[in-house]
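The values are calculated or read from the model by the stated rules, or taken from the named source; none is laboratory data. Remember, predicted model here, so these are calculated numbers, not experimental data. A quick note on method: Cβ atoms are made from the backbone with ideal geometry, for glycine too, and the neighbour counts reach across all protein chains shown. These area figures cover heavy atoms from the full protein model, side chains too; ligands, DNA and RNA do not enter into them. Shrake-Rupley method; radii C 1.70, N 1.55, O 1.52, S 1.80 Å.
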Amino acid sequence: MRILVVTHNYPRFPGDPAGAYVARLAAAAARDGATVQVLAPHAPGTAVDETVGAVRTQRFRYGPAALERVGYRGDASGRAFRDPLTLAMAPLYLGQFRRSARRAAARFAPTVVHAHWWFPAGWAVSALDIPYVVTSHGSDVRLFDRGGWWRRAGRRVLRRAGAVTAVSRFLAQDLERQAGPLSRPVTVAPMPVDVEHFASGRLAPKSVPPRVLYAGNLVPAKGVDDLLRAHAVLRRRGIVCRLKILGEGPARPELERLAVDLGTASDIDWSPFVPQDRMPAEYGASTVTVLPSRVPEGLGLTLVEALLAGSAAVGTPSGGIPEVVQDGETGLLARDGDPEDLANAIARLLEDPALRDRLIATGSARVRDTYSVAAASRRFLALYDAIAARHPSH
C-alpha cells in the first residue's frame, strides 16, 4: 500500500499544532506497513524535502519565501484572503498545488491519495486518475454555504472520491446534506489524538486557585466573550478561580477590553499558542476546560485532549461537541450564548469534586477507545484497502 497524503496544513516544525493529527495518521499508517509520502505547501523556514521517521514530506514552492503565506491559514479562502498580498498569491498557490499533486502522483505512483479538506487538497487531486479519499474537518464544509462555484466544485470533488470521511457524525450529516447524492455514505472517522502524550498531563500539579482554561482561536464564533462574562458571574458569586485564555486571533483586543469592563482583568491570564509538547501540562493544571462555541464545531478536539489530561470538560451543544461531551456522563453542556448557564456548569465542576472525578474518568476512557492513533490507523487502512480493491489497476 502506497499512500500519498495531500494537505494544506501540516506540521512545519517539531511541536507545531498545524495539521498535527494529519501527521499522526500518516506516521501510524507507515508504522503499520504502508509507504507514506506527504505533499504540503512550503512555508518560510521549512525544508522543501524532509523525512521524519518513515514519512517523507515534500513541500511545494509557489513564490518567494516572504510571500508564501497562503497555506496554513484556515481553509485558504476566508480570513486569509483579506490581506492583499495573500490574495495576490492565491492563484499561484492554487495552480502550483494542483501541478505539484500531479507531479508527486507521477513520481510516487500511490495506490491511494488521501486529501485532507476538500479544498484546496481535494480539489487539487480530483483531476488525477488515481482513487482518492477526502476527509472533511469542518472549515471546508462551511464553504458549501457560499453557494455558487464553491458548492459546484465541492460536489464535484466529493462525487469523484472513492470515499469521503468526516471527523464527527455531525459533520458527516452536514456534508451529506450539502453535497447531495454521493455514491456511498460519508464515513465517520475521527482523527487520532496522541493519547499517551496528553495523558501525561495528569502528572501536572493543579493550579491554585483552580484554573478554568480556554484553548483555541480568538474569534467571535468561539464564544470566548461568553466565557469572560461567565467568569464575572462566578466572581460575583464568590467562587474563586482564575481564567486562562490560551490562543491568538483578531478578537483578542476586544476581549481584553471586555475583561477590563467586567472588572475581572486581574483574574485572567492571557497566553499565545504554545507548542504541542506543552499542552498536556496546560490541560493538566486546569480544573475545567471550556469550549463555549456559538457556531457548529466540527468536533471539539481540545475537549478530547483535556479529558485525557485529567481536566473536566464543559462545552455547548454545538456541532460535534456533544459527541465528546455527553451531558452528565463525560462532561457538562451549557446553552450557547448564555453566560449564566455557562457559569452554572463551571461552578458545578469547581464545587463538586466527586462529580468532576466521575466525568473525567468516564470521559477519558471513552476518548481513549475512540481517538487513539491505533484505532484511527486501522479504520483508514481498511478504507484504503477497500478503495484499492475497487480499483485493482492502481
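Angle, helix 373-390 long axis vs. longest principal axis of the chain, Cα atoms, 0 to 90°, nearest 10? Once rounded, one gets 30 degrees.
If you line up the long axis of helix 148-160 against the longest principal axis of the chain, both from Cα atoms, how many degrees apart are they, to the nearest 10? Value to nearest ten degrees: 70.
Considering helices alone, the calculated mean residue ellipticity of the chain at 222 nm is -12500 deg cm²/dmol, with DSSP H runs of length four and up weighted by -39500 (n - 2.57) and normalised per residue. Using the alpha carbons alone, the radius of gyration of the stretch 40-169 stands to its Kirkwood radius in an Rg to Rh ratio of 0.95. Could you tell me the distance between the Cα centroids of the stretch 1-59 and the stretch 265-283, to the nearest Å? The stretch 1-59 and the stretch 265-283 have Cα centres separated by 26 Å. Near Ala285, once Lys and Arg are set to +1 and Asp and Glu to -1 for all other residues with Cβ below 13 Å from its Cβ, the sum equals +4. In plain terms, the chain from Val274 to Ala374 could stretch by 33.4 nm, reckoned as 0.36 nm per residue minus the Cα-Cα distance. Sorting the segments 382-389, 126-133 by their mean number of nearby beta carbons within 10 angstrom, highest to lowest, gives 126-133, 382-389.
Diffusion coefficient (Stokes-Einstein, Kirkwood radius over C-alpha pairs, 37 °C, 0.692 mPa s) for the stretch 331-376: 271 µm²/s, rounded to a whole number.
With a sphere of radius 12 Å drawn around the Cβ of Leu383, what net charge do the other residues whose Cβ falls strictly inside it have (Lys, Arg +1; Asp, Glu -1)? Every neighbour counted, the sum reads +3.
Measuring only protein heavy atoms, the 1.4 Å probe finds Lys206 accessible over about 90 Å². Taking Cα atoms only, the orientation of helix 353-371 departs from the longest principal axis of the chain by about 0 degrees. DSSP beta bridges confined to the chain are antiparallel in about 10 percent of cases. Phi angles of the stretch 43-53 translate, via the Karplus equation with coefficients 6.51, -1.76, 1.60 and θ = phi - 60°, into HN-Hα couplings of 9, x, x, 9, 6, 6, 9, 8, 10, 10, x Hz per residue; Gly and Pro are given as x.
Packing, taken as the mean count of other beta carbons within 10 Å per residue, orders the peptides 292-305, 188-201, 228-241 from highest to lowest as 292-305, 188-201, 228-241.
Here the Karplus curve 6.51 cos²θ - 1.76 cosθ + 1.60, taken at θ = phi - 60°, turns the phi angles of the stretch 23-35 into couplings of 5, 4, 5, 4, 5, 5, 4, 5, 5, 8, x, 7, 9 Hz, with x standing for Gly and Pro.
When DSSP beta bridges are limited to those with both residues in the stretch 6-115, what percentage is antiparallel, rounded to the nearest 5? The antiparallel fraction comes to roughly 35 percent. When Lys and Arg each count +1 and Asp and Glu each count -1, what net charge do the other residues less than 13 Å away from Val195, Cβ to Cβ, add up to? Result for the neighbourhood of Val195: 0.
Normalised by the number of residues in the stretch 276-338, the mean separation of alpha-carbon contacts (under 8 Å, six or more apart) gives a relative contact order of 32 percent. One equal scatterer on each Cα of the chain, no solvent, Debye formula: the resulting log10 I(q)/I(0) at q = 0.10 Å⁻¹ is -0.66.
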